[in-house]
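One structure is given here, and the rest of the page talks about it.
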Amino acid sequence: MNLRKDFIYIILAYFTAVILIVIVNNNRFTIFLVLLLLTYHIYSFLEVRDKITKDKIFFERSLISKLNKTKRESEETYRRFTSLSTTLGSGIIIVNDDGIISFSNKDVNDYFGKDYNNKDYNSLVGISQLYKFVNQAYLLEKSMRDQIEYNNHFYDLIATPLIEKKLFRGCIIVVHDITLIKTAENFQKQFTADVSHELKTPLSAIKGFSEILDRDKNISEQDRNEFTNLILKESTRMETILSDLLIISKMDRLDYELEFSSIDIKEVLIESSNTLSREIGKKKLNFNIDAKSCICLLDKNKIGQVMINVLKNAINYTDEGRITIKGYIDLNNYVIEVTDTGIGIKESNYDKVFKRFYRVDSTRSRETGGSGLGLSISKNILKKHSGDISVNSVINKGTTFKINIPIKK
Ligand code: ADP
């Protein structure tokens, strides 16, 4: 409705009426009545115009306030979504129906080294497996799940189509970094395979010797004794492996806790040497211990076990010479050095000897009845004390294992 135009037409209509009256009969009273009507008409017209203007202003204001509210709400939703997406710990990619990445969070940038916001999803082509996945999710418009590998990391991808009023509006892709889970999974698989292998060897030996003893009734007394001793030796080895595995599985539990008490470390060193004094004597090795007293908070049994593992190795891998234990305080640490004059360890094997089931010479380790788990258990125990263990060695000259334990009172 155009008010100004209507107003002009009305004025023109009245003006024409007055002219006609003047021309036809020039009746002043009629002219007066027409002008009166015109005044009333103008008054009503102005009233209506005012009301329409007020309604218009009111309507505009309420529309603006509604728009502002909706804008604030959508900004708040976006803010919540972005802060959620940063704290989520997973990557999020949203591809709209035009194939543009309308949202890609910081985790995606961190995983794939680039900001993909507002780029065509074809820009993912450099990460071929991810691109293939997004391309399929976008073209097939359906939910999908897959795992990919990129830069030595593993990612779990989940795609969900965004449907609005039965129309495809794009898709959302959630990216989880599953490298740790995958590594743990592989580690677990490898560990299970190693355990089976380790147990299989003594078990086969036991089975073989038992079968010979059972089959051959005329076996000589000497052979019989030899086989019985071998069965005993292999079963003891199995027992050692199983009890070490039990220790590992206990320590791997999340609720595992050390039993701390105030102990003089020197006492632990002397007690563990006493436990092995017979073995030291049997091999005619010289033995010397020189340790300072130091009262410290630690798990006595566990540190004792570390000492026995390291000392047992020193005995097993030393054919002649001596073993010495030194214990001293260095700043906030109690340092224990166990030195032998044995076969030594190559520098390239320094790290490996702390790995589960690693042996430099498996025949010799088997001979000594070792499980291949002693040093890895020791390292784990020391880690739980916030300490560490390292090795230094010269082939055919000897080895020193150095243990650091932070002194806590
Ligand atoms: P094991 O039961 O085989 O001794 P450990 O975990 O205690 O297992 O040790 C791992 C490997 O480290 C041993 O098999 C051995 O090859 C090497 N090793 C450990 N201590 C010594 C040492 N004092 N001298 C030489 N080699 C050692």
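Shape call for the range 192-339 from the C-alpha gyration tensor, a ≥ b ≥ c root eigenvalues: rounded (a/c under 1.5), prolate (a/b greater than b/c) or oblate? Verdict is oblate for the range 192-339. Seen from Arg224, the other residues with C-beta closer than 12 Å to its C-beta sum to a net charge of -4, counting Lys and Arg as +1 and Asp and Glu as -1.
Among the listed pairs Lys250/Lys283; Lys292/Lys383; Lys283/Lys402; Lys142/Lys189; Lys302/Lys355; Lys106/Lys132, a Cα-Cα separation exceeding 25 Å is found for Lys250/Lys283; Lys142/Lys189.
Paramagnetic label reach from Ile181 (point 7 Å along Cα→Cβ; backbone nitrogen cut-off under 11 Å): within the range 92-119, no residues.
A simple spin-label model places the labels of Leu37 and Glu211 12.9 nm from each other, with each point 7 Å out along Cα-to-Cβ.
The order of the peptides 249-259, 115-125, 15-25 by mean Cβ neighbours within 10 Å, most packed first, is 115-125, 15-25, 249-259. The relative contact order of the chain comes to 9 percent, based on Cα pairs under 8 Å that sit 6 or more residues apart.
For a test of the definition: using alpha carbon positions, the gyration tensor, and the 1.5 limit on a/c, classify the range 1-126 as rounded, prolate or oblate. Prolate shape, in that a/c is at least 1.5 and a/b is the bigger ratio.
Modelled spin labels at Tyr150 and Arg224, positioned 7 Å past Cα toward Cβ, are 7.1 nm from each other.
Peptides 130-141, 158-169, ordered by how many other C-beta atoms sit within 10 Å of their residues on average, highest first, read 130-141, 158-169. Mind pulling the angle between the C-alpha long axis of helix 128-140 and the longest principal axis of the chain? Nearest 10 degrees, somewhere in 0 to 90. With rounding to tens, the tilt is 40 degrees.
Think of it as helices only: each DSSP H run of n ≥ 4 in the chain is worth -39500 (n - 2.57), and spread over all residues that comes to -18500 deg cm²/dmol at 222 nm. In this rough spin-label picture, where each label sits 7 Å from Cα along the Cβ direction, the Phe168-Asp97 distance is 1.1 nm. As a proxy for reagent exposure, ranking His176, His41, His197 by other Cβ atoms within 10 Å from fewest up yields His197, His41, His176.
Values in this text are rule-based calculations from the coordinates and carry no lab data. Computed from a prediction, not measured in an experiment: that's the story for all the values here. Don't worry about glycine lacking a Cβ; one is built from the backbone with ideal geometry, like all the others, and counts go over all protein chains shown.
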